[in-house]
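Contents: one structure, followed by commentary.
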Amino acid sequence: MEKTIDPENLTGLSNEEAAKRLGEDGYNELLSQKKQSLFSIFLNVLREPMLVLLLGAGLIYLIIGEVNDALILLLFVFVVVGITFNQERKTERALEALKNLSSPRALVIRGGNQKRIPGREVVKGDILILREGDRVPADGVVLSCTNLLVDESLLTGESLAVRKAEWDKVSRSMPPGGDDLPFVYSGTLVIQGQGVAEVTSTAVQTEMGKIGKALGNITEEDSPLRKETARLVKNFAIVGGVLCFFVVVIYGLTRGDWLHGLLAGLSLSMALLPEEFSVVLLVFLSMGAWRMSKREVLVRRMPAIEALGASTVLCVDKTGTLTVNKMILSSLYSSGEYCELGKNECLDEVFHELIEFSYLASQKDPFDPLEKEIKKSTEKFISDTEHVHDGWKLVREYPLSKSLLALSNVWESYDHRKYVIAAKGAPEAIIELCHIDEAEKERLLTHVQKMAEKGLRLLGVAKASFQDHSLPEKQHDFEFEFVGLLGFIDPVRPSVSQSLKDCYTAGIRVIMITGDYPGTAQHIARKIGLKDPDKYITGPELATMQKKELQERIKTTNIFARVVPEQKLEIVNALKLNGEVVAMTGDGVNDAPALKSAHIGIAMGERGTDVARESSAIVLLNDDFFSIVAAVRLGRRIYDNLKKAIGYIISVHIPIAGLALFPILFNLPLVLLPAHIAFLELIIDPACSTVFEAEPEEKNIMKRPPRSLQDKLFGRRSLTLSLLQGTSMLAGVIIIFLYALDMGKGEVDARTLTFATLVIANLTLIVANLSWSQSLIKTLKSENKALKIVLVGALFGLLMVLYVPPLRSLFHFSMLHGDDLLIVFSVGIVSVLWLKMLSRLNLLKI
């Protein structure tokens with residue numbers, strides 16, 4: 001029997017002592033991070049080179065009178081500040097969710113009286129009274145308990161409640177997880193029974209508080225894409241600044257006109273200012289988030305979209321991610337026969353007694369999930385039979401004990417002539433209660449082993465009757481008869497197996513991280529098709545490993561069992577040290593630090609806690625594991641198209657900058673004026689931000705391995721191609737410019753021919769860069785509506801500035817004739833098309 005302490009005999013702390021300790025230790029809550037002011041966040045944002053360039057570009061636009069462009073850039077500044085502010089607040093919101101979760105109402109004994117107080121006012125030394133449905137307000141040791149079962153899934157990730165035992169006054173505090181520990185933990189939930197506990201830790205000293213502390217100390221890394229884009233922008237800015245200075249000096253010295261030299265320098269700066277990079281990055285990630293939301297995937301941190309396409313490892317929390325986090329009664333054994341409930345809508349008579357006595361051994365109005373499932377099965381299968389005894393009276397309960405993992409309910413029958421006893425518990429304990437011979441015991445244990453190998457949580461059921469009115473003190477004094485076995489399972493999500501195959505096809509490795517036992521984890525692994533299910537590492541093993549050893553063993557191990565939250569974080573960090581791009585799914589408080597540390601944290605939206613959602617970068621709104629594969633596919637598409645857009649931006653700026661610089665170096669008439677560059681920007685901006693974003697994915701997108709994080713968005717090969725394209729375009733427009741001058745055409749005619757050729761080359765460049773795996777004709781026939789809008793709009797705009805007299809005068813153009821247009825289209829298209837032809841003939845490797 002378990003020791004029982006009557007709360008009426010306890011005095012607890014005095015109100016004065018409790019107030020003193022509250023003053024010394026502070027409230028039992030997690031401290032919020034110090035809030036940053038809007039001004040301080042704005043100063044941090046101003047340190048970003050990208051934003052400095054945007055502000056500089058806005059200032060230049062104001063100086064040259066382009067007020068609208070300046071206002072647009074200033075608006076973008078406010079958008080960046082808003083996004084950064086949201087990121088800075090994310091950790092604070094996660095800690096706030098932890099704070100709310102860990103501060104329930106508490107029933108304590110103060111000065112000999114029981115009283116309800118706010119959980120934040122609980123102090124060390126307080127005596128807690130724990131009952132079914134209570135949220136434990138602080139960590140403590142169990143002084144007394146009766147059938148005390150606690151759901152610790154928020155800390156361990158495991159759906160099964162654990163049994164508690166009394167403290168022996170010797171055992172030291174241990175991490176949560178496992179049966180018969182004499183400790184309770186803040187934030188956990190009492191499922192069954194009652195108990196008395198003494199508080200040992202509050203606030204940040206609790207297991208919940210340690211998670212909150214780890215969460216607050218983790219710093220999010222800048223995304224590689226953001227770093228690389230910032231580096232590209234910085235390099236462009238330096239080159240643009242240097243060239244602008246030399247243009248102004250050369251123009252002033254050679255022509256003696258410093259004002260026009262400044263205008264020429266500003267034109268070159270505008271040609272080289274890479275403000276499109278920032279716009280493209282924002283638009284692609286925002287539109288990507290919108291597209292993912294259509295697939296029930298909520299993106300909370302934009303850089304996660306780019307990382308998805310590069311993810312190499314997916315760390316999966318078994319409970320609630322691979323499984324549905326709900327124990328289902330799935331298998332029965334009785335009288336030598338088995339029954340799989342999922343395959344049967346009705347139940348054979350031989351199993352009715354098993355359901356009957358398992359129900360009699362449970363609470364009438366259960367809180368425990370296993371007992372709820374038993375009640376549900378009773379109502380489904382035997383509610384209209386003689387096996388349900390609503391009129392019977394419960395006389396006595398024999399609780400679980402550390403020495404006997406079984407409980408019994410004693411019922412008084414209708415005729416009051418005898419007692420009926422129903423027992424349930426661990427199969428070995430029930431078999432022991434039945435006092436059967438060794439041969440029968442071995443036979444039953446064989447069936448137990450057979451069911452356990454299927455990953456089932458087993459309960460044995462026994463029955464007895466008793467005639468004497470004086471009930472015995474121990475369950476062993478009844479003559480029990482073995483009735484059968486109940487098998488419960490936390491079912492695997494239906495879509496997991498196919499999703500896992502898709503992950504492997506995409507070159508993504510999957511690792512299962514769980515607090516459950518290795519055998520259960522291996523059974524699930526084999527069922528879903530996880531690779532190398534025979535290899536695993538347990539939490540105790542992990543605790544003794546050096547970092548180097550873990551880094552080495554983690555390369556070939558896909559199952560981690562019996563781990564605690566801190567170890568999940570270690571696993572993620574070890575993978576990151578190995579150069580892996582880590583995505584992690586999870587739904588509990590225990591997952592929050594690892595979710596935040598991973599490159600991509602993916603929380604479950606339906607079952608996930610606020611803490612997990614606040615700490616994650618992505619939330620699966622429908623908790624569908626398959627949605628991760630869809631998100632990876634979209635992430636790869638977004639990265640591909642972003643790479644194409646950046647390549648286009650670099651290519652198109654080369655002829656623009658070249659035309660701004662070439663006449664100055666060779667003392668020729670200026671070709672591009674600020675108005676011309678503004679016109680080109682009207683094509684470039686929507687092209688790189690909407691046309692490329694809307695381009696469908698390449699056919700082989702999910703059949704290639706993940707890209708390496710070391711691979712730059714714009715590597716040497718991509719840069720070479722862009723430079724080649726840009727140089728080819730520049731050569732074409734310069735040839736047209738020199739040809740016009742050589743033919744005796746004036747400055748205006750030469751400018752008109754050159755500008756029109758540049759526009760046509762620009763449009764050809766857009767179509768060519770959208771896909772290097774298909775022809776221009778197929779690209780033009782694609783479902784990319786944005787492409788058609790930009791092409792038609794640009795050609796219409798070109799015709800307007802060429803043939804509408806007021807606009808032609810404003811742009812300093814002349815009218816082009818038929819032969820002129822033939823030259824313009826021929827040179828503009830050929831200057832880009834020849835490279836496309838080389839790639840189609842495999843003479844140019846893209």
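The values are calculated or read from the model by the stated rules, or taken from the named source; none is laboratory data. What you see is a predicted model; the values in this text were computed from it and never measured. Here the Cβ positions follow ideal geometry from the backbone for every residue, glycine too, while neighbour counts run over all protein chains shown. Side chains are part of the model used for accessible areas, which takes the heavy atoms of the whole protein and leaves out ligands, DNA and RNA. Shrake-Rupley method; radii C 1.70, N 1.55, O 1.52, S 1.80 Å.
What the table shows:
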read-out: Order of exposure, largest accessible area first, which applies to ARG231, ARG255, ARG417, ARG716 with probe 1.4 Å; value: ARG716, ARG417, ARG231, ARG255
read-out: Largest-first principal axis extents, alpha carbons of segment 738-846, Å; value: 43, 32, 19
read-out: Gain in span if fully extended, SER383 to MET837, counting 0.36 nm per residue against the direct Cα distance; value: 155.8 nm
read-out: Accessible area of segment 337-494 divided out per residue, in Å², using a probe of 1.4 angstrom; value: 50 Å²
read-out: Surface per residue (accessible, 1.4 Å probe) for segment 727-838, Å²; value: 46 Å²
read-out: Cα gyration tensor of segment 307-442 - equivalent ellipsoid semi-axes, whole Å, descending; value: 34, 19, 17
read-out: Pairs from LYS527/LYS547; LYS555/LYS712; LYS531/LYS643; LYS531/LYS576; LYS644/LYS781 whose Cα-Cα separation, in the structure shown, is over 27 Å; value: LYS527/LYS547; LYS531/LYS643
read-out: Lysines whose Cα lies under 20 Å from that of LYS294, excluding same-chain neighbours fewer than 8 positions away; value: LYS785
read-out: Spin-label model distance (nm) - SER773 vs ASN622, 7 Å beyond Cα toward Cβ; value: 2.6 nm
read-out: Trypsin sites (Lys or Arg not before Pro) within segment 334-384: DSSP coil, no more than 16 neighbouring Cβ in 10 Å; value: LYS364
read-out: Shape box of segment 366-504 [Cα atoms, principal axes, largest first, Å]; value: 65, 38, 26
read-out: Cα pair count fraction exceeding 21 Å, expressed as % - segment 370-444; value: 43 percent
read-out: Alpha-carbon Rg with Dmax, taken over segment 464-514, Å; value: 24.6, 69
read-out: Segment 138-188: relative contact order as a whole-number percent, Cα under 8 Å and 6+ apart; value: 44 percent
read-out: Evaluated at q = 0.17 Å⁻¹: base-10 log I(q)/I(0), Debye formula over Cα of segment 316-366; value: -0.69
read-out: Contour minus Cα-Cα distance for LEU471 and ASN113 (0.36 nm per residue); value: 125.5 nm
read-out: Percent of C-alpha pairs per 5 Å bin, segment 540-586, short to long; value: 4, 20, 38, 27, 9, 1
read-out: Pair-distance profile P(r), taking every C-alpha pair of segment 622-751, with 5 angstrom steps and integer %; value: 2, 9, 14, 16, 15, 12, 9, 7, 6, 4, 3, 1, 1, 0, 0
read-out: Quotient of C-alpha Rg and 2.2 N^0.38 Å, computed over segment 137-208; value: 0.97
